[in-house]
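Quick notes on the structure that follows.
The values are calculated or read from the model by the stated rules, or taken from the named source; none is laboratory data. Bear in mind the structure is a predicted one, so any value in this text is a computation, not a measurement. With ideal geometry, Cβ positions are generated from the backbone for all residues, glycine too; neighbour counts draw on all protein chains shown. Each accessible area value is taken on the protein alone, full model and side chains, heavy atoms only, with ligands, DNA and RNA left out. Shrake-Rupley method; radii C 1.70, N 1.55, O 1.52, S 1.80 Å.
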Amino acid sequence: EKGGYEHFMLKEMYEQPKAIADTFSPRIKDGQIVIEELGMNDEEIRAVSKIVIVACGSAYHAGMTGKYVLEGMARIPVEVDLASEFRYRDPILAEGTLVIVVSQSGETADSLAALREAKKKGCKVLGIVNVVGSSIAREADNVLYTWAGPEIAVATTKAYSCQLTALYLLAMRFAYARGAISESELAEMIEDLKKLPAQVEMLLSHKDRIQKFANRYLAARSIFFIGRGIDYAISLEGSLKLKEVSYIHSEAYAAGELKHGTISLIEEGTLVTAVLTQEDLYKKMLSNMEEVKTRGAFVMAVTNEGNLDVEKAADYVVYIPETNRFFTNSLAIVPLQLFGYYVAVGRGCDVDKPRNLAKSVTVE
Ligand code: M6R
């Protein structure tokens, strides 16, 4: 069943290249992003004044990436909310708001309740869902399926990667319809999207090196993740992956917030994982890395190929290949998934079924 892999989590990480390709391929036609399931023409897309993304857990983290991508690429205001908060705060949803519910299982109770709340308030709801025919898929006005296939491990990997892909497609479709990107920019993005599967594959092939590194941290007390902008979103997901399967306490921080709190937790040898893939935030990140390093932290960095300066501020560097600046999360997550996985394996944890967690959370 596990196809020769030790755990479903590892198998599913290895299925990412195919899952990502299966999610974008049917939606690229003649150099355009075609999302028939969206049920919206250009004019309707232009009439959307705001997007609200609601979800839980990793799907919420995908939503955070979605916010940076949709706002940055399509220049449309986006709010992201935890479904369990959204549903109880009598959300203000003006006309023209599109609500997006992101869910792998399509059965998460809070996400389903948030969907119902949004519909009750008259909003159009789009589901980004993996399980075909699930409750969220049935009740949403429209569904954009992520074609990840069945995901067994409690810690999501491939479904999360497909959620990112679906959100990129949506952003590209909106950006082009709204005149925020040109034909040639769109063409370039499509090329970069098509390269992602092979790039993810390449990053997965470094698993032994990551395992060796992970084995040094099996007894860590706390591990931190820092990033800015879109890299903050991936830090949150990297931190969740690690802690949910390894039971090591971990926190993700927006790198600029570090000196407002968590920096007091950095001790000699504390591992801080810094993600820096955005050129405009690069220098700021380097100085945040210096800040923790001078306090004794060991710094692991995930950055773009060619950013050689990083080697001065980090003790261990993983390079990701070149892609569009909006797509870097899809690559940066791979070493972070592998790291969380191997720390858990090294500690002898029940990787596919971490204690106290369920694959689909149908209680509120
Ligand atoms: O099925 P859903 O995508 O709605 O699930 C949401 C969360 O429960 C889920 O992402 C959870 O956080 C995972 N264990 C993360 O790996």
Take region 30-50 and flag every residue that is open to solvent by 40 Å² or more (accessible area, probe 1.4 Å), touching a Leu at 6+ places or on another chain (Cβ under 8 Å) and within 29 Å of Arg228 (Cα to Cα). Lys50
Checking the condition small (Gly, Ala, Ser) and touching a Cys at 6+ places or on another chain (Cβ under 9 Å), which residue from Ser84, Ser49 passes? Ser84
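Out of region 131-140, which residues are assigned to a loop (DSSP other than H, G, I, E, B) and either open to solvent by less than 10 Å² (accessible area, probe 1.4 Å) or in contact with a Gly (Cβ under 7 Å, 6 or more places away or on another chain) (or both)? Break it down into steps so the answer makes sense when it comes.
Of all residues in region 131-140, those assigned to a loop (DSSP other than H, G, I, E, B) come to 131-134, 140.
Once the filter is applied, which keeps residues that are assigned to a loop (DSSP other than H, G, I, E, B) and either open to solvent by less than 10 Å² (accessible area, probe 1.4 Å) or in contact with a Gly (Cβ under 7 Å, 6 or more places away or on another chain) (or both), region 131-140 yields Val131, Ser134, Ala140.
I'm checking my understanding of the structure. Among residues of region 87-101 that are under 19 Å from Met64 (Cβ atoms) and either of a type in the set (Ser, Thr, Tyr) or within 20 Å of the chain's Cα centre (by Cα) (or both), which one is farthest from the ligand (Cβ to nearest atom)? Walk me through it before giving the result.
Kept after step one, since they are under 19 Å from Met64 (Cβ atoms), are these residues of region 87-101: 87, 89, 91, 97-101.
Cutting the leftovers down to either of a type in the set (Ser, Thr, Tyr) or within 20 Å of the chain's Cα centre (by Cα) (or both) gives us 97, 99-101.
Working: Thr97: 21, Val99: 15, Ile100: 13, Val101: 9 Å.
This residue is Thr97.
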For region 171-184, give me the residue count where each residue is touching a Leu at 6+ places or on another chain (Cβ under 7 Å) and open to solvent by less than 10 Å² (accessible area, probe 1.4 Å). 3
Just a yes or no: is a residue in region 241-250 more than 19 Å from the chain's Cα centre (by Cα) and either modelled with pLDDT under 95 or more than 16 Å from the ligand (Cβ to nearest atom) (or both)? yes
Among the residues in region 102-115, are any under 24 Å from Gly238 (Cα atoms), away from the ligand (no atom under 12 Å from the Cβ) and in contact with a helix residue (DSSP H, G or I) (Cβ under 8 Å, 6 or more places away or on another chain)? no
May I ask you to list pairs of residues, at least six apart or on different chains, whose Cβ atoms are under 9 Å apart, with the first in region 347-364 being farther than 21 Å from Asp110 by Cβ and the second being more than 11 Å from the ligand (Cβ to nearest atom) and among the acidic types (Asp, Glu)? Val351/Glu6
Qualifying position, being among the aliphatic types (A, V, I, L, M), within 16 Å of the ligand (Cβ to nearest atom) and within 26 Å of Leu164 (Cβ to Cβ), among Leu357, Leu286: Leu357
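This table checks each residue for (1) away from the ligand (no atom under 16 Å from the Cβ); (2) surrounded by fewer than 24 Cβ atoms within 10 Å (Cβ to Cβ).
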position: Ile152; (1), (2): no, yes
position: Ile190; (1), (2): yes, yes
position: Ser222; (1), (2): yes, yes
position: Asp231; (1), (2): yes, no
What helices (runs of 4 or more DSSP H) completely inside region 51-124 contain at least 3 residues that are open to solvent by 10 Å² or more (accessible area, probe 1.4 Å)? 57-74, 109-120
Every residue in region 40-58 that is among the small types (Gly, Ala, Ser) and either modelled with pLDDT under 95 or within 16 Å of the ligand (Cβ to nearest atom) (or both), please. Ala55, Gly57, Ser58
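Quick one: which residue in Tyr168, Tyr160 is within 13 Å of the ligand (Cβ to nearest atom), part of a helix (DSSP H, G or I) and buried (at least 24 other Cβ atoms within 10 Å of the Cβ)?
Values: Tyr168 fails: within 13 Å of the ligand (Cβ to nearest atom).
After applying the criteria, what remains is Tyr160.
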Can you name the number of the only condition in (1) buried (at least 20 other Cβ atoms within 10 Å of the Cβ); (2) assigned to a helix (DSSP H, G or I) that Ala198 fails? (1)
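In region 204-217, is there at least one residue being outside any helix (DSSP H, G or I), open to solvent by 10 Å² or more (accessible area, probe 1.4 Å), more than 16 Å from the ligand (Cβ to nearest atom) and in contact (Cβ under 8 Å) with a residue 24 or more places away in the chain? Steps first, please.
Narrowing region 204-217 to residues outside any helix (DSSP H, G or I): 205-206.
Filter again for open to solvent by 10 Å² or more (accessible area, probe 1.4 Å), leaving 205-206.
Going one step further and asking which of them are more than 16 Å from the ligand (Cβ to nearest atom), we end up with 205-206.
Keeping just the survivors that are in contact (Cβ under 8 Å) with a residue 24 or more places away in the chain gives 206.
Checked region 204-217: at least one residue is outside any helix (DSSP H, G or I), open to solvent by 10 Å² or more (accessible area, probe 1.4 Å), more than 16 Å from the ligand (Cβ to nearest atom) and in contact (Cβ under 8 Å) with a residue 24 or more places away in the chain.
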Do we find a residue being in contact with a helix residue (DSSP H, G or I) (Cβ under 7 Å, 6 or more places away or on another chain), away from the ligand (no atom under 13 Å from the Cβ) and either acidic (Asp, Glu) or over 21 Å from Met40 (Cβ atoms) (or both) anywhere in region 118-138? no
